[in-house]
Every structure is written in structure tokens, then in C-alpha cells.
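Take a look at the structure below.
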Amino acid sequence: MKVVAHTEPTNWPRIFNRVFELINTAGPGYYSGGRFLGAVREVDPYFPDYSRYIDNRRKGGKSTSRKDYYYDILLELSEQSRLRVLDTILDSLVSIFPDKVAEIRDELGGGAVAVPSARVSDDAWNAERLRNYLADIDTRIASRNYAGAVTLAYTCLEGFLKAFVRHHIPEHAGTTEIIALSKLVRQFLRESLDHYPDEALSMITQIGHTIDRTRNGFSESHFDQEAARWLAVFIRDLVNSEMRLLLHFMNEPNT
């Protein structure tokens, strides 16, 4: 019988204190209230701006100490949004405090948050939704929700393949299954491109099969914690790689 490692809950006070130590240090890594609220608003654009937020705290008799309200803000966010805010902040600090940032990311989830964020072209269909999917895969990995990360990776790639098919092969717009979509995209590119390695195009269907089997495998099997994390990160990177390849051909498949 395989023993699944116990997952300890994230110690948010400890994580926050470690992050605050860095952003409270004078220099380029310092986070004023406005800068911190800016990072929050990148994740939640409807969060109040600095002046309004501080005014509301004063009216409510709450502390306006930076450390107090930074912590309150993070704890009020969903765990997924909290991780995304921290990832944004840590990205800005990694060149200043590389060792400490690596330690914090490791504590958040075995280093998984260190995976670079993928950027989806604004020309892609529903680009904002796809961009959020990719960010959310990282936050699920960081919170050790590996099965959820793989499911979201599947959804992300499936959605993008559908977008590609609708854009370039509208007569097959009703196709929904990820392997069938992968085959359509591969065939379209084979017929559209000259002197492009067939091995690279074959990877489109291979990745589709891999992600489909992995998603089913998570629902049928039990992995130990390290294997589950590794596999979730691997699947996330496959999605990133395939989407980057297809984005290159999204608008001009003959270039």
C-alpha cells in the first residue's frame, strides 16, 4: 500500500512575517502602502485604492500600521488570490533577495511558485481568461492542490485548442474533446507550414494524450506528495509550451 504524505497547512503568519521583513527593508524592494495596494489591485482590480482603503480603516477604528493592514488584506483574500499577490511581490524581490525569496517559495509549495508565469497574447481568443488559468495553475500547485492544478491545465489547453480551431478551422468548431482537437490542430499546421519539423507538430497530439491520461490518472490513483507535485509542474509546463507554440501561429500560420 502506498502511503501518501501528509500535507501541512500553510503557516500564513510565518510566511507573511518573512515577506514583510523583505518589503520593509529600505531600498528598491521596499513596499509603501501604495505599492502594496498596487500589487493587490493587479489581482483584484476592484480593490479600493490606497486613500479610500486607509480612510475606511480609520473610520472603522482599525490600525493603519503597514504591517497590520498588509496582513489583514492578505487574509481577507481567497487563498488563490493571496498566493498570486505574494507571487507578484516575490517576483519583484527575487533579484534583490534571491536566497530568501527561494526559501519563501519553497515553504509555500516546494518551489512550485518559482515556475515563470506564462504570458498569453492579447490577440488570442478570450486571452484574459487563459492568462488567469495559467496563473491559477501555479497557485494551485503552491497550495498543494495538485489534482486541481492538473484539471485546470487540462481546461486551459482544451479552451485554447477550441479557440484555435474556431479561428482557423471553423467547420470543426463543434469539436470539444481534447485529443480530437489536438489532431485537428496538428493536421492544420502540417498542411499550412513548409519545412517545419514534423516531430514538433507531433508533440501537439502527444501533449494532448499526456494531459488527458494524467488528469484521469489523478482521479484513479494515489501519488505520494513529491510525485504529485512534480507531475503537476510538468503538466503545467507542457501546457505553457504548447500554447506558446500555437500562439506563434495563431494569426499568421504561414510565418
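Derivation of every value follows stated rules applied to the coordinates shown; laboratory data play no part. Nothing here was measured: the structure is a model prediction, and the numbers come from that model. Reconstructed Cβ throughout: ideal geometry from the backbone, glycine too, with neighbour counts over all protein chains shown.
FRET efficiency for the pair Glu177 and Trp230, taken as 1/(1 + (r/R0)^6) with r the Cβ-Cβ distance and R0 = 25 Å, rounds to 0.40.
Over segment 12-110, the alpha carbon radius of gyration divided by the compact-protein estimate 2.2 N^0.38 Å works out to 1.05.
Extension gain, Ile169 to Tyr196, is 7.7 nm, computed as 0.36 nm per intervening residue step minus the present C-alpha separation.
Per-residue Cβ neighbour counts within 10 Å put Glu103, Glu242 in the sequence Glu103, Glu242, beginning with the fewest. Computed from the alpha carbon positions, the gyration tensor of segment 159-217 leads to an equivalent ellipsoid with semi-axes of 19, 16, 7 Å, biggest first. Once the Kirkwood radius over Cα pairs is known for segment 127-249, the Stokes-Einstein relation at 20 °C and 1.002 mPa s delivers a diffusion coefficient of 145 µm²/s.
Please give me, ordered by residue number, the GluC sites (Glu not before Pro) of segment 152-182 that lie in loop per DSSP and have at most 15 other Cβ atoms within 10 Å.
Here the sparse-neighbourhood loop sites are Glu177.
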